[in-house]
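The values are calculated or read from the model by the stated rules, or taken from the named source; none is laboratory data. Here the structure is a predicted model, which means the values were calculated and not measured. Positions of Cβ are backbone-derived with ideal geometry, glycine not excepted, and every protein chain shown enters the neighbour counts.
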Amino acid sequence: MRDTTERLGKVRASDRAQAFAVIGEAVWWVTIVDATLVRHYPDDYDAALDGLVDAERHATETTFAGLRFVRNRMGYHADHADFIQPCLDDAAGGDAPITEWTWRSLPEPAVGTLPPRGQEWELSRYQAYQDVLAGQRVGETFVRTSDFHDLVARTARTPGAAGEVGEQAAGASGERRASRRVT
């Protein structure tokens, strides 16, 4: 995942097809790694979240929800260009790094394009996308997610860290884990 997100800073806007592909790949990897961490290291994941201040925890959780919305819709119901606004930086000759591109604001998805069983869930992901990603730089999104995943990895390597924090915040962590459906 780290290799994929680092490629974002190396791809130039002049190769739009590659730029959109790299962003799409980064979305895929970040959401898959996140789901893996939630499933296999739930206590460490919750401990890392619990260690964040409220605003950062909310931004982190909302960022991942927004990226799941992108992952579920990009390429199936919407084109990459529907989600991403290339940077038109004249100083860089229109060839700024794609980390400077921004997430576009999107209209609410039509109910007919949402899975019947998960409409409310997918609409909450759409709202997360609108609240935290729309208008933000692509690069900022992946810095936040990579930094959080690094925090979870450090927490997992710290003997007893998750257990101690997990015991102190068992109610909040357990409730959050029970309500988090990851796919």
Checklist entry - Among the residues of region 124-145, which ones are touching a strand residue (DSSP E or B) at 6+ places or on another chain (Cβ under 7 Å) and either of a type in the set (Phe, Trp, Tyr) or in a loop (DSSP other than H, G, I, E, B) (or both)? => result GLY135, GLN136
Checklist entry - Do any helices (runs of 4 or more DSSP H) lying entirely in region 1-94 carry at least 2 residues that are within 23 Å of ASP147 (Cα to Cα) and out of contact with any His (no Cβ under 8 Å at 6 or more places or on another chain), and which ones are they? => result 2-7, 16-40, 42-50, 54-73
Next on the checklist: Against the condition surrounded by fewer than 18 Cβ atoms within 10 Å (Cβ to Cβ) and touching a helix residue (DSSP H, G or I) at 6+ places or on another chain (Cβ under 6 Å), how does GLY66 come out, does it pass?
Outcome noted: no
Checklist entry - Within region 97-121, which residues are in a loop (DSSP other than H, G, I, E, B), at pLDDT 75 or above and buried (at least 18 other Cβ atoms within 10 Å of the Cβ)? => result TRP101, PRO109
Checklist entry - Given the residues VAL132, VAL111, which is the only one that is of a type in the set (A, V, I, L, M, F, W, C) and within 16 Å of the chain's Cα centre (by Cα)? => result VAL132
Checklist outcome for this item: Residue set ASP15, ASP3, ASP43, ASP54; condition surrounded by fewer than 21 Cβ atoms within 10 Å (Cβ to Cβ), out of contact with any Leu (no Cβ under 8 Å at 6 or more places or on another chain) and in contact (Cβ under 8 Å) with a residue 60 or more places away in the chain; output residue ASP43
